[in-house]
1. Under the Karplus relation 6.51 cos²θ - 1.76 cosθ + 1.60, θ = phi - 60°, what is the ordered set of whole-Hz ³J(HN,Hα) values for region 271-277, x standing for Gly and Pro?
2. Rounded to two decimals, what ratio of Rg to Rh does region 90-162 give with C-alpha atoms and a Kirkwood Rh?
3. Quick one: what are the phi-derived ³J(HN,Hα) couplings along region 76-83, Karplus 6.51/-1.76/1.60 with θ = phi - 60°, whole Hz, x for glycine and proline?
4. Mind computing the radius of gyration and Dmax over the alpha-carbon atoms of region 225-329? Å is fine for both.
5. In percent, what relative contact order does region 136-278 have, based on Cα pairs under 8 Å that are 6 or more apart in sequence?
6. With only alpha-carbon pairs counted, each pair once and no self-pairs, how large is the Kirkwood hydrodynamic radius of the chain in angstroms?
7. For the chain, what is the relative contact order in percent, using Cα pairs closer than 8 Å and at least 6 residues apart in sequence?
8. Taking neighbour Cβ counts within 10 Å as the exposure measure, how do V148, V129 sort from fewest upward?
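Read the figures in this text as sums done on the coordinates, not as results from a lab. Everything quoted here is computed from the prediction, not taken from an experiment. Every residue, glycine among them, receives a Cβ derived from its backbone with ideal geometry; neighbour counts consider all protein chains shown.
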Amino acid sequence: MLERLGLMPPQASTFASQVDMLYAFLLMVTAFFSVLIAAFVIGFSIKYRRRSDSERTPHLHGSTALEIAWSIIPLGIAMVMFFWGASMFVTLKRPPDDAMQVNVVGKQWMWKIQHLEGRREINELHVPVGRPVKLTLTSEDVIHSFYVPAFRIKQDAVPGRYTTVWFEATKPGRYHLFCAEYCGTKHSGMIGEIVVMDPADYQAWLTAEAPAPAAAGVAAGGESLVAAGRALFEKNGCVTCHQPGSVLGPMLAGIVGTSVTLQDGSTVKVDEDYLRESILTPQAKVVKGFAPVMPTFKGQLNEEQILQLIAYIKSLGATPSASGAADVQGKTGP
Ligand code: CUA
């Protein structure tokens, strides 16, 4: 009803109705107690008003039962809010394993989006209906916030780290995308659209500006993230040290998701943030058994390129000797 009156944005994701139910609950509890307390204030001020100048307040005794009641009942209500909200938060923070991966880079004042398959867009995100989509966000400059009211999701894009959020769209259509964090002069213009399509339309869209065949060259804008990352891996010489048998750098195939031991004996989980840090600040966490010889790539790679490299490293899978590193080595060997 509120949606039809224009008081609420459309409900277009699997979270939307859940978020709205929690919101309605909070609103009703708040309204109920506001009215109740206002009624007591007014009622008591009439009932216990001072009737004459000589009237004195009698000595009052506390009521233990009353005090326990007004402590326990609100505590119970607050706990319901807490567990309800927390369980939704946990769901929102854990994308399903089969979620489609999309990278989002915010900058003043636009959203740059890369699909794994290679399509790129600005201020528009095309997604299929009925499929979970995981967004990995970062920023090139200041904090932005990726806000899609119809999906009831909002996630900050923070420079220097990755954040994630996911959604599953339930209705084809076009939905507003806003930046919800004040980020400078044209913050209010940092807007876009999420285009939710039928899966078949989405497939057609994905291949519409078909990526040039791999043979046509590395520069093609439409190449997949993995291919773009692989080209960067070669061009920047990563392959020289990160190859089987190298004593200079650890093998990268299958490393994502594992834990590595560092020089000081501590361990770190190899995730996107660790890969990013290792590319930009290689000396920060050097893997045990290797010398801190890797140069930094700060200033040489932009955020989108780092995401491409990470996509490539993730694609190397769990078989160290397989395709990835090995055949790249073949191409660029000395
Ligand atoms: Cu970006 Cu506000």
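1. Karplus values, whole Hz, x for Gly and Pro: 10, 4, 5, 5, 4, 4, 4.
2. Dividing the radius of gyration by the Kirkwood radius yields 0.94.
3. Once θ is set to phi - 60°, the couplings for region 76-83 become x, 5, 5, 5, 4, 4, 5, 5 Hz.
4. Cα only, region 225-329: 12.6, 35 Å (Rg, Dmax).
5. Contact order relative to length: 13 percent.
6. Working: mean 1/r = 0.0418 Å⁻¹.
Across the chain, the inverse of the average 1/r is 23.9 Å.
7. 15 percent
8. Values: V148 26, V129 17.
With the sparsest Cβ surroundings first, the list reads V129, V148.
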